[in-house]
Amino acid sequence: ASKRQLQISITAFGRHERLLVIQDVTRLRQLEQMRKDFVANVSHELRTPLTVLSGYIETLQDLSAELPPRWQRILQQMSEQSGRMDVLIKDLLMLSRLETTRQEPPQWLDLNALLEQILRDARALAASKHQQVELQADAPLQILGYPGELRSAFSNLAFNACKYTPDGGHIVLSWQVLDNGCGVFAVQDNGMGIEAQHIPRLTERFYRADPSRSKATGGTGLGLAIVKHVLLRHDATLEITSTPGTGSCFRCVFPASRWQTGKQLTGPDQQ
Ligand code: ADP
């Protein structure tokens, strides 16, 4: 038999009264686990047929010069939609892994190199919209974590800044240190901004402040959920501030124990 899981909470009333609640959450946890397994399995199973379909679409595209223009357009759309589904499945699998995988010990990583990589990727995306992307982080820095996850989280934020900022906009990626020793990776844009009522819900799966616009930008609605989970695994938090029409700032706040400065890293695992 599986172990029962109990959740205990104590609430204080006045000076002497305390309310003790003991809840049996075994079934709740089991259902939650079933949901996670289901999403992971479905995402995994969808991959194979999609790969086959994409292969056929590519084959047809190779022959498309011989097809009538209307068919060429249809093929183009099929290719775009299968590409979207591919990104969606990758994001779902990434979220499942973040929720379920046990962690290896984290490693000290060269944060400057990681930020340079994010900067290059963001600039590649920003070029088509004539946006400027800038990085403000001088001192050599290291962060204790998982390189693939951090890259994914930081680039989601940088890409969102490009996506939700009009042509010619300005985006700043930065690393700042707070008085309390926390280290902050921030992405500031001067784009469309977000209405206050949406901010607390942005990290929910598939939540979008402006569904029609977000879909047009080709996002999956999972980016910020991934960011939240990655940060959780790094003892870090996400802070969002935004003014509609003026811009947004997404800040990843890492505790002092998770970053350091000054030392040089060597070794095969460093980027
Ligand atoms: P999506 O794939 O739709 O971009 P995300 O989870 O990355 O999904 O973001 C959720 C929503 O948050 C977006 O649909 C958008 O409405 C809003 N959003 C995220 N980043 C920004 C930003 N920099 N400026 C304005 N809105 C943003």
Percent of alpha-carbon pairs separated by more than 15 Å within the range 1-57: 70
Pairs of alpha carbons in the range 125-271 whose separation is greater than 23 Å (percent): 36
Lysine pairs with alpha-carbon atoms under 30 Å apart, the chain, spacing 8 or more or separate chains: 17
Mean accessible surface per residue for the range 1-141, computed with a 1.4 Å probe while every protein chain stays in place, in Å²: 75
Magnitude of the charge dipole, the chain, Cβ model with Lys/Arg +1 and Asp/Glu -1, debye to 20: 840
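Only helical DSSP H runs with n ≥ 4 go in: add -39500 (n - 2.57) per run for the chain, normalise by residue count and round the 222 nm mean residue ellipticity to 500 deg cm²/dmol.
-15000 deg cm²/dmol
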Lys, Arg +1 and Asp, Glu -1 on Cβ, resulting dipole of the range 126-207 about Cα centre, debye, nearest 20: 280
Relative contact order [Cα under 8 Å, 6+ residues apart], the range 172-271, whole percent: 33
Per-peptide average of other Cβ atoms within 10 Å, ordering 219-232, 121-134 highest first: 219-232, 121-134
Listed residue (85, 46, 176) projecting farthest to the positive dipole end of the chain, Cβ model: 46
Fraction of accessible area attributable to carbon and sulfur, the range 103-144 (%, probe 1.4 Å): 50
Alpha carbon centroid spacing (whole Å) that separates the range 11-50 from the range 188-251: 24
Area accessible to solvent at residue 194, 1.4 Å probe radius, in Å²: 20
Probe 1.4 Å, accessible area per residue of the range 153-251, Å²: 44
Relative packing of peptides 84-92, 140-148 - highest average C-beta neighbours within 10 Å first: 140-148, 84-92
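Hey, how much of the P(r) for the chain falls beyond 34 Å, as a percent of Cα pairs? Working shown, then result.
Working: 12179 of 36585 pairs.
Percentage above 34 Å: 33.
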Per-selection Rg to Rh, the range 1-95 - Cα, Kirkwood hydrodynamic radius: 1.41
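The values are calculated or read from the model by the stated rules, or taken from the named source; none is laboratory data. All values reported here derive from a predicted model rather than from experimental measurement. Neighbour counts are summed over all protein chains in view; Cβ atoms, including those assigned to glycine, are modelled from backbone coordinates with ideal geometry. The accessibility values were calculated without ligands, DNA or RNA, using every heavy atom of the protein model including side chains. Shrake-Rupley method; radii C 1.70, N 1.55, O 1.52, S 1.80 Å.
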